[in-house]
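Q: One structure, pasted below without further comment.
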Amino acid sequence: MMSGVILRELQVVGIAVLSGALITFVYDLLRIFRRMISHGNFWIGVEDFLFWIWTSFWIFSVLYRENDGSLRLYTILSMVFGMIIYNRIISGPFVKITGNLLKKF
């Protein structure tokens, strides 16, 4: 039987992995938006700036809620792992299929 502390840490890892996937998903939505509406470099920069501001607040909120604000390496690595897994498995087909479907409408 696992202790409650270990189960809680596994829960934090799971939340961090899902948070990383969510961050990458939101960026995919931004990529799809850019495919739908042509943007100049200025607006791409503004969108990226706003995305990274949102991302920093999101990561901070996850760390604050789940780790009481402690910056733990395994939490950050779990988020990066979630980003990589989402990017390798879901991102490409999701952006391509969704972008093509939306262009038809």
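Q: Which number in (1) of a type outside the set (D, E, K, R); (2) in contact with a Lys or Arg (Cβ under 9 Å, 6 or more places away or on another chain); (3) exposed (fewer than 14 other Cβ atoms within 10 Å of the Cβ) marks the one condition that Ser61 misses?
A: It fails just one condition, (2).
Q: Among Leu63, Leu71, Leu18, Leu77, which is the only one that is within 30 Å of Arg8 (Cβ to Cβ) and outside any helix (DSSP H, G or I)?
A: Values: Leu63 fails: outside any helix (DSSP H, G or I); Leu18 fails: outside any helix (DSSP H, G or I); Leu77 fails: outside any helix (DSSP H, G or I).
Just a single option satisfies the conditions, and that option is Leu71.
Q: Out of everything in the range 74-105 that is of a type in the set (Lys, Arg) and surrounded by fewer than 11 Cβ atoms within 10 Å (Cβ to Cβ), what residue ends up being modelled with the highest pLDDT?
A: The initial filter retains those residues of the range 74-105 that are of a type in the set (Lys, Arg), namely 88, 96, 103-104.
Retained after the next criterion (residues that are surrounded by fewer than 11 Cβ atoms within 10 Å (Cβ to Cβ)): 88, 103-104.
On the way: Arg88: 96, Lys103: 79, Lys104: 80.
This residue is Arg88.
Q: Do any residues in the range 48-74 that are over 16 Å from Leu29 (Cα atoms) have Cβ atoms under 7 Å from those of residues that are of a type outside the set (Val, Ile, Thr) and open to solvent by 100 Å² or more (accessible area, probe 1.4 Å), where the two are at least six apart or on different chains, and which pairs are they?
A: If the second residue must be of a type outside the set (Val, Ile, Thr) and open to solvent by 100 Å² or more (accessible area, probe 1.4 Å), the pairs left are Leu63/Leu71.
Q: Please count how many residues of the range 26-58 are part of a helix (DSSP H, G or I) and either surrounded by 11 or more Cβ atoms within 10 Å (Cβ to Cβ) or on the phi > 0 side of the Ramachandran plot (or both).
A: So the first thing to find is which residues in the range 26-58 are part of a helix (DSSP H, G or I), and the list is 26-36, 41-58.
Next cut, either surrounded by 11 or more Cβ atoms within 10 Å (Cβ to Cβ) or on the phi > 0 side of the Ramachandran plot (or both) only: 26-36, 43-48, 50-52, 54-55, 58.
Residues flagged as part of a helix (DSSP H, G or I) and either surrounded by 11 or more Cβ atoms within 10 Å (Cβ to Cβ) or on the phi > 0 side of the Ramachandran plot (or both) within the range 26-58 amount to 23.
The values are calculated or read from the model by the stated rules, or taken from the named source; none is laboratory data. Everything quoted here is computed from the prediction, not taken from an experiment. Cβ sites come from the backbone with ideal geometry, for glycine too, and all protein chains shown count toward neighbours. Note: accessible area is taken over every heavy atom of the protein model, side chains too, but ligands, DNA and RNA are not part of it. Shrake-Rupley method; radii C 1.70, N 1.55, O 1.52, S 1.80 Å.
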